[in-house]
Structure formats: C-alpha cells, structure tokens
Amino acid sequence: MNRLLVTAVAMATLLPIGAGADEAPLSVWSIVAVSGTATENGAEIAFSADGHASGTSGCNRFSGAVSQQGDVLTLGPLASTRMACPEPLSSQEAAIFALLGQPLRVAVDLTTGSATLTAADGATLALQRRRQ
C-alpha cells in the first residue's frame with residue numbers, strides 16, 4: 001500500500017478530521033508509557049477536530065493548540081494547572097510536558113489501536129486509544 005496513504009489513514013485516526021467544531025474531543029488516548037516507563041494515575045491526551053489537544057499528566061491538566069504536517073505533530077503553547085505533584089507523578093509530568101513541547105513524529109498501529117509519538121532525540125510517548 002502506498003506509504004502516503006497509510007500515513008494519512010493513521011493520522012486521521014489520531015486527529016479527527018471533519019467533525020463539527022461543536023463536538024467533544026473524538027480521539028482520546030491513554031498515555032501508557034514515557035520512553036518505556038509505564039505511567040501512573042490516568043495520564044491521557046485528547047485531540048479535537050478544531051485543532052486543540054487537552055489532557056492530564058496524571059497530576060495536572062493541560063491544553064493547547066495542535067497542528068499536523070505530514071506525520072509530525074506540534075503542540076503548544078500548552079497551558080496547565082499548577083498543583084504540586086508528589087513523586088513519581090512530578091517526574092512523570094516533567095517528562096510528558098518536555099515531550100509535548102517538541103515536534104513529535106507519529107506512528108499509529110491500526111490493528112492494536114496504539115500510537116507512538118517520537119521526539120528527535122528518540123524519547124517516546126506510547127498511547128493507547130480509549131473506546132468512546
């Protein structure tokens with residue numbers, strides 16, 4: 001299959017295109033690992049059709065703009081709540097926010113409903129699509 005077509009289908013799975021602007025986020029993903037380390041406390045990210053992302057690091061909530069060019073997502077600037085987080089949630093949040101502040105290459109596995117967001121330095125966010 002044409003690589004461009006596969007990338008387009010995969011990105012459409014991650015970012016819902018064509019939904020009405022008044023609809024709730026259509027693409028909600030659990031953040032299951034940061035660079036191979038399992039996350040705790042329900043970290044997640046949701047993408048909406050109007051170009052926004054929102055979620056939780058497992059401690060604080062965040063939101064911001066998201067754009068896509070090819071198979072690369074760029075988020076930000078991000079706004080977040082500022083509650084003090086106990087360890088290991090504080091370190092988890094720092095790692096998630098550091099990754100979300102960079103351009104991220106997206107790879108989606110349509111069979112498993114999983115995705116990997118990879119930064120230029122090789123750091124990753126592993127995502128699992130949540131059923132709506």
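The values are calculated or read from the model by the stated rules, or taken from the named source; none is laboratory data. Keep in mind that what you see is a predicted model, and the values were worked out from it rather than measured. So basically every Cβ, Gly included, is an ideal-geometry build from the backbone, and we count neighbours across all protein chains shown.
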Next item on the list: Answer yes or no: is there a residue in the stretch 8-31 that is hydrophobic (A, V, I, L, M, F, W, C), under 20 Å from P86 (Cα atoms) and either surrounded by 12 or more Cβ atoms within 10 Å (Cβ to Cβ) or at pLDDT 95 or above (or both).
Entry: yes
Checklist line | Where a residue in the stretch 73-100 is closer than 15 Å to N41 by Cα and free of Cβ contacts under 8 Å to residues at least 40 places away in the same chain and its partner, wherever it lies, is of a type in the set (G, A, S) and surrounded by 11 or more Cβ atoms within 10 Å (Cβ to Cβ), with Cβ under 6 Å and at least six apart | finding: E93/S57
Notebook entry, point to check: How many residues does the stretch 81-94 hold that are crowded, with 17+ Cβ neighbours inside 10 Å and within 16 Å of the chain's Cα centre (by Cα)?
Noted result: 2
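At least 3 residues that are touching a Cys at 6+ places or on another chain (Cβ under 6 Å), among the polar types (S, T, N, Q) and closer than 22 Å to G36 by Cα in each: list the strands (runs of 3 or more DSSP E) lying fully within the stretch 47-132 that qualify.
Here the list is empty.
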Check: Is it fair to say L73 is surrounded by 14 or more Cβ atoms within 10 Å (Cβ to Cβ) and over 18 Å from V28 (Cβ atoms)?
Finding: no
Check: What is the one condition in (1) buried (at least 20 other Cβ atoms within 10 Å of the Cβ); (2) modelled with pLDDT of 95 or more; (3) touching a helix residue (DSSP H, G or I) at 6+ places or on another chain (Cβ under 7 Å) that N60 does not satisfy?
Finding: (1)
